[in-house]
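Below is one structure, written out as structure tokens; comments come after it.
The values are calculated or read from the model by the stated rules, or taken from the named source; none is laboratory data. Just so we're clear, the structure is a prediction, and the values are computed from it rather than from any experiment. Here the Cβ is made from the backbone with ideal geometry for all residues, glycine too, and neighbour counts use every protein chain on show. Quick note on the areas: whole protein, heavy atoms, side chains included, nothing else; ligands and nucleic acids left out. Shrake-Rupley method; radii C 1.70, N 1.55, O 1.52, S 1.80 Å.
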Amino acid sequence: MKDYTLGEFLIEENREGFSHSTEALLRLFSSIKLASKAIHKEVNKAGLTKEIIGGSGITNVQGEKQQKLDDFAHRAFIESFKSRNVVCGIASEESKDFIVIKGKQENIKNQYIVLIDPLDGSSNIDVNVSIGTIFSVYLRKSSIRNNLTIEDFLQKGNQQILAGYIIYGSSTILVYSTGNGVHGFTLDPSVGTFYLSHYNLRFPKTEKIYSINEGNYAKFPSGIRKFIRYCQEKKGNRPYTARYIGSLVGDFHRNLIQGGIYIYPKTASSPEGKLRLLYECNPMAFLSEQAGGKASDGKKKRILDIVPTELHQRTPFVCGPTEIVSKLEEFMVNYE
Ligand code: AHM
Ligand code: MG
């Protein structure tokens, strides 16, 4: 398996199902790989220099304190996409408005839109815990003869043609789907190449983990509180184990491999939940479904069917193996 690189896999995979050109796919991944390797390098020396850890002194559009690495990751992706003649616009969790990219070559019409959370879970940077990048790609809706509009970015998640994440953990792994299964590639830092390491990832049939910030218990809807009790009861393969890093990519990756449900519900103080629909929930929902699971707002609304109305919109979010997500939805319907 070690010999199968991401580039080789993309060329092979494109024969089976991806309806866009191999060239476009390779250009998109060329940008993603380059930026992620730069971030991998920075993350791995974060303990060594004060120029990397800590806050940048800026508060982002979400009203959250931006970390230096958030800013580094944001710029790394923008620069990388700018130079590859494939993407015409980017919306980033770190930027208030979308960013327009002008093509560098007249004959190539950049027609892809990227939505990205350049560095998610960044409160974990200074304490050496896994963090990640979450990305998704759409085809632009407006004519290439006109300017981009907000509608190019406010597309439903079911329009994604590519979604994935990179986890900067004990190793750096890139996981993606083009709608033809979910595949993972581990970076060999000695040669700077991503090799196939996780072919066709599927949620295990029997889940054993629930992931939720239980510190917010008192603020959860009663359906969620009852569901937590259900997870803790002794019956069948229960009680489940509680595992929560506070880094969506890390929590999702573990749950995908070991079998678990991730929940970020609305709370009394955050009625829309915390996670961003476009940058975080849609890509993870796409991957969940591709891995044989399910993603919803907890009240039976499929995440991928939500019509976005603004770039930085939030939504309650639940994802994981289908059966357990449906179980949670039952609790929400019956007890809220
Ligand atoms: P961020 O985009 O500002 O990093 O916030 C998103 C993160 C997710 O990775 C994680 O699942 C969640 O926030 C944790 O939030 P909390 O600390 O409220 O549990
Ligand atoms: Mg985030």
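A few points about this structure:
- Rounded to 10°, Cα long-axis angle of helix 222-232 versus longest principal axis of the chain: 80 degrees
- Virtual paramagnetic centre 7 Å along Cα→Cβ of SER171, amide N under 19 Å, in the range 182-223: 182-202
- Å³ per residue enclosed by the Cα convex hull of the range 209-335: 99 Å³
- Burial order of peptide ranges 134-143, 91-100 (average beta-carbon count within 10 Å, highest first): 134-143, 91-100
- Whole-percent carbon and sulfur share, accessible surface of the range 209-335, 1.4 Å: 46 percent
- Helix 22-44 axis, angle to the chain major axis (alpha carbon atoms, nearest 10°): 70 degrees
- Here the Kirkwood formula, the inverse mean of 1/r across different C-alpha pairs, assigns the range 206-282 a hydrodynamic radius of 13.1 Å.
- Acute angle (nearest 10 degrees) that the helix 322-335 long axis makes with the longest principal axis of the chain, alpha-carbon atoms: 50 degrees
- Label-point separation in nm, VAL129 to THR5, each point 7 Å along Cα→Cβ: 3.6 nm
- Dimensionless Rg ratio for the range 254-322, taking C-alpha atoms and the 2.2 N^0.38 Å reference: 1.04
- Solvent exposure of the chain, expressed per residue, is 44 Å² of accessible area, with all protein chains present and a 1.4 angstrom probe.
- Fraction of C-alpha pairs exceeding 32 angstrom in the chain: 27 percent, rounded to a whole number.
- Computed per residue of the chain from DSSP H runs no shorter than four, each worth -39500 (n - 2.57), the mean residue ellipticity at 222 nm is -8500 deg cm²/dmol.
- FRET efficiency for the SER83 to SER222 pair, using the beta carbon distance and R₀ = 41 Å, is estimated at 0.20.
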